[in-house]
Amino acid sequence: MQIRQTDEQGRLRHLITLEDLDREQLESILRHAERYLSQPGKPPPRDTILSGQTVANLFFEASTRTRASFELAAKRLSADVLNLDVNMSSRAKGESVMDTIFTLQAMHVDIFVVRDASTGVPAMIARQVAPHVCVLNAGESDVSHPTQGLLDVLTMQLHKGDTSALRIAIVGDIRHSRVANSAYHALSKLGVGELRLVGPPELMPESDEFVGAVRDTTLDSGIRDADVVMALRLQKERFAQLSDIPDSQEYHRRYGLTQARMAAAKPDAIVMHPGPMNRGVEIDSSVADGPQSVIREQVANGLAVRMAVLARVHEHVRSARGEA
Amino acid sequence: MQIRQTDEQGRLRHLITLEDLDREQLESILRHAERYLSQPGKPPPRDTILSGQTVANLFFEASTRTRASFELAAKRLSADVLNLDVNMSSRAKGESVMDTIFTLQAMHVDIFVVRDASTGVPAMIARQVAPHVCVLNAGESDVSHPTQGLLDVLTMQLHKGDTSALRIAIVGDIRHSRVANSAYHALSKLGVGELRLVGPPELMPESDEFVGAVRDTTLDSGIRDADVVMALRLQKERFAQLSDIPDSQEYHRRYGLTQARMAAAKPDAIVMHPGPMNRGVEIDSSVADGPQSVIREQVANGLAVRMAVLARVHEHVRSARGEA
Amino acid sequence: MQIRQTDEQGRLRHLITLEDLDREQLESILRHAERYLSQPGKPPPRDTILSGQTVANLFFEASTRTRASFELAAKRLSADVLNLDVNMSSRAKGESVMDTIFTLQAMHVDIFVVRDASTGVPAMIARQVAPHVCVLNAGESDVSHPTQGLLDVLTMQLHKGDTSALRIAIVGDIRHSRVANSAYHALSKLGVGELRLVGPPELMPESDEFVGAVRDTTLDSGIRDADVVMALRLQKERFAQLSDIPDSQEYHRRYGLTQARMAAAKPDAIVMHPGPMNRGVEIDSSVADGPQSVIREQVANGLAVRMAVLARVHEHVRSARGEA
């Protein structure tokens, strides 16, 4: 199941999971992303380095924000962008995923951005594409969402500096969260003072996962003195699995981030959420839109991270094609 | 509910309704639009002024022609364009409209083009976006469709000159028509000789609306000696509300524009329709495709109007960002 | 029903069917397409000749690969591209096809790429558009798919040279195949050594169609000593019409291309398929992905053919507009 994510010169080629990247590779992408940040209200950075390259957004699972983020990242680097919602056409005809990929590769698509609800699809694609072609995971089942993990640690670093001294609490449905998974992988490499997982027992990960993290089923103690509180989106279909949480009101009472509950964290703690938010369930609007929230910065940082990742793998494409 | 549509320097920032613009502002946009007109069969005008800017077409209600018109207008001014059909993805996930907007704003979307079936959504967005960001209403419930109103008066002016001497008849479902509403607002500012509303009583607007207009429930007298006859699209679901019009055949007999009925209008009257047409219901093909029809010119003028509006609000974006 | 596909100067204007083009015209497009070929792993050719032109992909029938191919062909020639899935919006509103076309034409769309499930739609459009506007058929009912026919013969020529000496077997649902139809038209003009139609009797074309072709209901004899074996996609709904083939397993046993069956063809025969494939039905993966398969090359050649066709009709657009 392993997939080598770098080429023989050590350049990033695929981004399927953060688990197999080392600290230096992560830091290098993050520092690259900082070059693509801009102030709100200022024009975003643009570059022509992907001019003549073709990026296909292949979303087997619907998404507004992640697709828009990758689309704008590619366009601002001057790539040609092809958006394909494969539910609607050839998959309905029974064409296999790999036949779609090989078809697009034959049309000189260089970089595939793939989102899929099944585990293993991005890696399966990465193993089979031509040597110059790159695959970026834009969300894979419960398992991995590497650009989200990168934007999350970038956001922490920009506000709090080195993560290795931080107390970070992730609150909610950690068991089914590719966001939590990728954040954990990034923090494992970059270092973390203390990582706390907070949520009902049924939404905690298996005991052999998130090694080294502290688990807490109570919100107040779970976020006590935290520097970072990251709320996760709760899928409505989870309530059926929770023995003592019958509905969103009860979930909010027990695990919802409110201004009052946030008093347990450090006064300068930042609040994060990957979006889209269920306001009034896992987070109150007063917190989501309050002074501690960095939720909109996460979105801006996500675009910068995706530009950096595209720029990185583009170096592989050019080299493998024998250019420069 | 009011929203200021100009910035502090008096530049157009949002276009939510024509109601709050004055005559000079309307004329200024219309004269700007004329610069983007071109002959059929000649290449359309292009400009690079929106290069580096991002326009998001956010259509919460389906549309082919208006979306295509805004998309081409933005592309011909060299903007990056993001098309988002929000029914299909994040709205289904329960994300609120404003969270979608703030997410896209964090990705440096500068101009939002919004269509929504509910009243008040474009203004609600305009009130909350960042200072440099602009909102253009691309169709709002029954209430407002300002670029349609502008293209309608531009079409009248190009054929008939100053509208203040014209007898203009609007025929059909005026009560539920954002098209009629926006045309009325434009004509109120630019002047109109006589405005006639023609249709069955149940489709007439409330008595305190369309102040100054003459109402007529008979087609022949309603369009008598008119310079402009504008047919509106009739939604099939309206028949249930009409006590004495059971179906489209009866509607056509009473209010459908035919060559014979058009004889009541001035011989050089022009015929308009916002599209898409129900041929054989509110208008016959012999009229829609006949010598008096300016329906296709309306489409061409609409693209020019949208380019002009985008070019205008772009001046606000650049100024608010501290450029030039 | 005939439509003139060239303008008065003999330049290609529409591409609706290959039936009405002569050998010289076909060869000229094919040689033009060769200039747009590139090695896998090399950057695809690009050109700016369609800069300032607008191509609308108007797909009334879903498609991933053909739409992507036309979209990338147009973008790599620097055109503005408008993707319209008309099922979802204005057609649902009852707008007629021609009103959609005239609307887009008024927005200065120069080239329409049309796919439709009904016979005659592309020609109907071509007959009515403005003199400078071009229509390209991207798949029409069972009848015609001219760019597919061109890419198929280009693929044969690149591997086997002149088609007039080749023994070519088309296997499967020839009766309902626009792919087979267009290949037949191209081969009729360019010459073919022997054309064999292989499949169950119910899927054979009418007796007055495919004049000159040999029919065979047995796979082994049908592909014996063939230079080219082209498998067609089998629609699942066909089984109901086949008296002695109840399901895909039986179809595969009788007409599926396997490595063992392919031994009947020439050792250097090439295997083609228009995609998307039903692996395990009309073709085995060992054949589809084997050394004789040129299926991915067909895709690459298709992009080159579409670039060539766009470049050709662009000459008509420019001339009809009075440019150079």
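The values are calculated or read from the model by the stated rules, or taken from the named source; none is laboratory data. Keep in mind it's a predicted model, so treat the numbers as computed, not measured. All Cβ positions, even for glycine, are placed from backbone atoms using ideal geometry, and neighbour counts span all protein chains on display.
Restricting the stretch A:249-278 to residues that are more than 24 Å from the chain's Cα centre (by Cα) and of a type in the set (Ser, Thr, Tyr) leaves a set whose member that is nearest to the other protein chains (Cβ to nearest Cβ) is A:TYR251. Residue check: A:SER78 meets all listed conditions (1) farther than 24 Å from A:PHE102 by Cβ; (2) within 20 Å of the chain's Cα centre (by Cα); (3) not hydrophobic (A, V, I, L, M, F, W, C) but one, namely (2). Taking residues in the stretch A:245-268 that are within 16 Å of A:GLY172 (Cβ to Cβ) and among the aromatic types (Phe, Trp, Tyr), and partners anywhere that are at pLDDT below 95 and part of a helix (DSSP H, G or I), the pairs with Cβ atoms closer than 8 Å and at least 6 places apart or on different chains are A:TYR251/A:PHE239.
Looking at the structure I just gave you, is C:THR64 in the same structural domain as C:HIS314 (by TED's automatic domain parsing), at pLDDT below 95, polar (S, T, N, Q) and under 30 Å from A:HIS314 (Cβ atoms)? I'd like the intermediate steps shown before the answer.
Values: in the same structural domain as C:HIS314 (by TED's automatic domain parsing): yes; at pLDDT below 95: yes; polar (S, T, N, Q): yes; under 30 Å from A:HIS314 (Cβ atoms): yes.
Against the criterion (in the same structural domain as C:HIS314 (by TED's automatic domain parsing), at pLDDT below 95, polar (S, T, N, Q) and under 30 Å from A:HIS314 (Cβ atoms)), C:THR64 qualifies.
Would you mind finding the one in A:LEU187, A:LEU234 that is in contact with a helix residue (DSSP H, G or I) (Cβ under 8 Å, 6 or more places away or on another chain), outside any strand (DSSP E or B) and in contact (Cβ under 8 Å) with a residue 40 or more places away in the chain?
Details: A:LEU187 fails: in contact (Cβ under 8 Å) with a residue 40 or more places away in the chain.
That would be A:LEU234, the only listed residue that is in contact with a helix residue (DSSP H, G or I) (Cβ under 8 Å, 6 or more places away or on another chain), outside any strand (DSSP E or B) and in contact (Cβ under 8 Å) with a residue 40 or more places away in the chain.
If the condition is being of a type outside the set (A, V, I, L, M), surrounded by 24 or more Cβ atoms within 10 Å (Cβ to Cβ) and out of contact with any Asp or Glu (no Cβ under 6 Å at 6 or more places or on another chain), then the stretch C:155-186 contributes C:ASP173, C:SER177, C:ASN181, C:SER182, C:TYR184. Applying a threshold of 6 Å to beta carbon distances and a minimum spacing of six or more residues, or different chains, the list of pairs starting in the stretch B:191-215 at a residue that is free of Cβ contacts under 8 Å to residues at least 24 places away in the same chain and ending at one that is surrounded by 19 or more Cβ atoms within 10 Å (Cβ to Cβ) and not charged (D, E, K, R) reads B:ARG215/B:LEU197; B:ARG215/B:MET204. Looking at the structure I just gave you, is C:LEU136 in the same structural domain as C:GLU209 (by TED's automatic domain parsing) and touching a residue at least 12 places away in the same chain (Cβ under 8 Å)? It is false that C:LEU136 is in the same structural domain as C:GLU209 (by TED's automatic domain parsing) and touching a residue at least 12 places away in the same chain (Cβ under 8 Å).
Run down A:LEU310, A:LEU303 and say which single residue is within 30 Å of A:VAL135 (Cα to Cα), assigned to a helix (DSSP H, G or I) and either in contact with a His (Cβ under 9 Å, 6 or more places away or on another chain) or β-branched (Val, Ile, Thr) (or both). Steps first, answer last, please.
Working: A:LEU310 fails: either in contact with a His (Cβ under 9 Å, 6 or more places away or on another chain) or β-branched (Val, Ile, Thr) (or both).
Result: A:LEU303 is the single residue among A:LEU310, A:LEU303 that is within 30 Å of A:VAL135 (Cα to Cα), assigned to a helix (DSSP H, G or I) and either in contact with a His (Cβ under 9 Å, 6 or more places away or on another chain) or β-branched (Val, Ile, Thr) (or both).
What's the number of the condition C:PRO276 fails, among (1) surrounded by fewer than 18 Cβ atoms within 10 Å (Cβ to Cβ); (2) at pLDDT below 95; (3) under 19 Å from A:MET98 (Cβ atoms)? Going through the list (1) surrounded by fewer than 18 Cβ atoms within 10 Å (Cβ to Cβ); (2) at pLDDT below 95; (3) under 19 Å from A:MET98 (Cβ atoms), C:PRO276 breaks only (1).
Please state which one of A:GLY41, A:GLY10 is modelled with pLDDT under 95, at positive phi and assigned by TED's automatic domain parsing to the domain that holds A:ILE111.
Checking each option against the conditions leaves just A:GLY41.
For (1) buried (at least 24 other Cβ atoms within 10 Å of the Cβ); (2) under 17 Å from the mean Cα position of the chain (by Cα); (3) at pLDDT 95 or above, each residue gets a yes or a no:
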{"position": "A:VAL114", "(1), (2), (3)": "yes, yes, yes"}
{"position": "A:GLY120", "(1), (2), (3)": "no, yes, no"}
{"position": "A:VAL153", "(1), (2), (3)": "yes, yes, yes"}
{"position": "A:SER188", "(1), (2), (3)": "no, yes, yes"}
{"position": "A:MET204", "(1), (2), (3)": "no, no, yes"}
{"position": "A:GLU209", "(1), (2), (3)": "no, no, yes"}
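Close Cβ contacts (under 6 Å, 6 or more residues apart or on different chains) running from residues in the stretch A:103-132 that are free of Cβ contacts under 8 Å to residues at least 40 places away in the same chain and in a loop (DSSP other than H, G, I, E, B) to residues that are among the β-branched types (Val, Ile, Thr) and surrounded by fewer than 24 Cβ atoms within 10 Å (Cβ to Cβ) comprise A:THR119/A:VAL143. For the stretch C:237-253, a residue qualifies if it is in a helix (DSSP H, G or I), within 19 Å of C:SER177 (Cα to Cα) and of a type outside the set (Gly, Ala, Ser), and the qualifying residues are C:GLU237, C:ARG238, C:PHE239, C:GLN241, C:TYR251, C:HIS252. Selection of first residues in the stretch C:23-36 that are surrounded by fewer than 20 Cβ atoms within 10 Å (Cβ to Cβ) and of second residues that are of a type in the set (Ser, Thr, Tyr), restricted to Cβ pairs under 9 Å at least 6 apart or on distinct chains, gives the following pairs, ordered by first then second residue: C:GLN25/C:THR6.
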